[in-house]
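A short write-up of the structure that comes next.
Throughout, read-outs are computed from the coordinates displayed, never taken from laboratory work. The structure displayed is predicted, hence computed values, not measured ones. Methodologically, a virtual Cβ is constructed for each residue, glycine included, from the backbone with ideal geometry; neighbour enumeration extends over all protein chains shown.
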Amino acid sequence: MYRFQHSQHLYFLFGLLLFGLLYGLLLYWRKRKLQSMGDHLLVQQQVIGWIPGRLTLRFIFVTISFVTLVIGWANLQKGSGVEKTERKGSDVMIALDVSKSMLATDIQPNRLVRAKQLISTLLDKLHNDRIGLVVFAGKAYLQVPLTIDYGAMNMLLQHVNTDLVPTQGTVISEAIDMATQSFSQKEKKYKTLVIISDGEDHDENAIAKVKDAREAGVVIHTIGVGSPEGTTIFDPETKAIKLDDEGKPIISKLNENELKSIAAAGDGTYQLLRNSDAVANNIIASIDGMGQKNLGTISYNNYTSYFQYFLGIALIFLVVEWLIPAARKKSSNQIITPTTKTILLLFVTGLASTIVKAQQKQVIEGNKLYGDKKYKEATKEYQNAIKKSPNYTPGIFNLGNALYQDKNYDASRKIFDGLAKKSNDAGLNAASNYNIGNTYMSEQKWQEAAEAYKQSLRRNPQDEEAKYNLSYALSKMKQQENKNKDKKEQQQNQNKEQDNKKQQDNTNQQNNKPDQQKEQNNEQKPQQQLSKLNEKQAEQLLNALAQEEKKLHDKKEKGKAMKVKVDKDW
């Protein structure tokens with residue numbers, strides 16, 4: 001019996017219709033092209049290696065490759081028999097408390113979410129066991145009957161919340177009774193009940209229901225969710241903390257004594273939920289220790305796949321089609337045959353590969369020296385690599401870095417500037433401008449560095465290092481401007497003080513000049529009085545002295561009224 005594992009992929013075979021249509025159009029175009037060139041037979045004689053039906057043969061090979069690829073993708077299989085396997089396991093029923101107290105957040109995010117996480121962990125660790133789910137609060141309801149469909153169980157678990165049970169409370173006795181009735185009544189073993197609750201039970205019938213369940217062969221394990229100290233309960237309906245009748249906050253506490261009593265009466269164990277994985281492992285170990293029952297026989301159909309053969313056939317036909325030589329126009333000057341082209345291609349490819357490998361070797365050696373901080377030696381290696389191929393970008397870029405580390409900032413800057421201008425690659429352009437900024441930063445040329453970092457960010461706006469360096473350069477520019485401003489102001493103040501001092505000296509000199517002249521005149525008067533003068537000469541001399549004294553007096557008064565010039569301090 002044959003079948004395709006992925007039969008939907010066979011729809012791609014309809015692509016053969018498109019292939020046929022394209023091939024028909026190609027033949028039509030080819031025929032019209034030959035007819036436009038002249039006589040059909042003469043045109044064929046001008047074609048070297050022309051083989052009738054060659055185009056059709058290549059089309060057939062491509063078509064076969066396409067068909068076999070699609071069949072291989074769909075995976076043709078053959079049935080090789082039926083295998084029967086006996087499935088063994090246990091029945092596990094989980095009773096989950098969904099009362100409002102399970103919304104308490106003494107364990108994060110809250111008790112109910114942590115309980116659901118534990119159940120999911122259990123589902124991941126169970127294999128052949130059947131599992132079911134009972135939810136309870138003031139009443140108990142069977143949410144998921146015993147099943148081996150863990151996927152469905154997990155999906156339904158995601159929709160469990162405190163609104164599933166309208167009656168509030170924590171009546172564990174009803175949950176035990178509901179779970180007991182959900183098990184098979186034909187046998188009294190291989191049954192496990194796991195109760196997950198905060199234990200706030202006020203039902204006196206709980207222990208009695210545990211005894212009934214134990215007589216039916218059910219082992220009961222309990223898991224406490226919460227903390228003994230407890231916490232308040234957030235009510236999602238009122239969006240506030242729940243209050244009692246007296247208006248005080250309700251404190252929900254984990255009742256470990258209640259859960260321990262139930263576990264002891266049910267021959268099970270009690271665990272406090274802290275680590276979901278550890279608790280789940282303990283539950284699995286207890287279940288496995290009970291033994292397993294035969295849950296029936298499962299039949300499997302075995303199939304053998306043949307996809308690899310079809311893929312191999314497709315590859316062979318593609319290679320053969322590729323090897324079929326194409327026809328070409330005859331030329332008396334043709335000296336390069338297909339074989340010669342192949343040899344030349346191999347030679348050029350080999351030569352290019354050798355050059356690239358040599359360049360890579362020198363760049364790798366340069367990188368090693370660069371890592372050892374031998375920057376001069378690294379520079380030589382990079383330069384040797386560039387000599388063999390002036391456009392070898394990795395060697396050029398690394399040479400710029402080596403020169404930068406060797407503090408040859410001008411040469412490094414020229415290299416990165418050339419890369420930034422020639423390259424259309426945004427990443428290389430951004431990196432080159434970034435390194436240009438670093439060279440300027442090393443020389444404390446803050447304005448030039450800021451411009452380079454701006455250019456880098458225009459090509460790579462997400463570069464956080466460029467953003468940081470730009471902000472640093474701008475801050476340094478600001479500091480330098482403030483420093484220059486302070487220096488200028490200081491120079492202006494010094495000039496102003498010098499001007500003031502000069503003006504003051506001039507004023508004092510002018511104020512003292514009349515007194516000096518008067519002293520000179522007084523010294524001259526006795527000498528003149530001692531000489532013999534006539535009346536006319538004496539009168540002329542007195543008039544001259546009076547005029548001179550008036551001039552000196554006017555000059556003195558003018559000097560006292562002079563103001564000292566004060567420059568503005570901008």
Item checked: Bridge type composition, region 116-254 - antiparallel percent by DSSP, nearest 5 -> 60 percent
Margin query: Order 273-284, 482-493, 252-263 from most to least packed using the mean count of other Cβ atoms within 10 Å.
Written below: 252-263, 273-284, 482-493
Next item on the list: Quote the relative contact order of region 377-430 in percent (integer), defining contacts as alpha-carbon pairs under 8 Å separated by 6+ residues.
Entry: 24 percent
Next item on the list: Would you work out which of MET178, THR147, ASN161 lies farthest towards the positive end of the dipole of region 124-206, given +1 charges on the beta-carbon of Lys and Arg and -1 on that of Asp and Glu, about the Cα centre?
Entry: THR147
Note to self: Give me Rg/Rg_expected for region 240-288, where Rg uses Cα atoms only and Rg_expected = 2.2 N^0.38 Å with N residues.
What the structure shows: 1.68
Next item on the list: Evaluate the relative contact order of region 196-299 (contact order divided by residue number), counting alpha-carbon pairs under 8 angstrom at least 6 apart; express in whole percent.
Entry: 32 percent
Margin query: Can you find, among ILE207, TYR270, VAL225, the residue sitting farthest towards the positive end of the charge dipole of region 141-282, where Lys and Arg contribute +1 and Asp and Glu -1 at Cβ?
Written below: TYR270
Check: Within the set LYS211/LYS260; LYS88/LYS125; LYS421/LYS478, which residue pairs have Cα atoms separated by over 22 Å?
Finding: LYS421/LYS478
Checklist line | Residues whose placed amide H lies under 5 Å from that of THR147, excluding near-sequence neighbours | finding: ILE131, GLY132
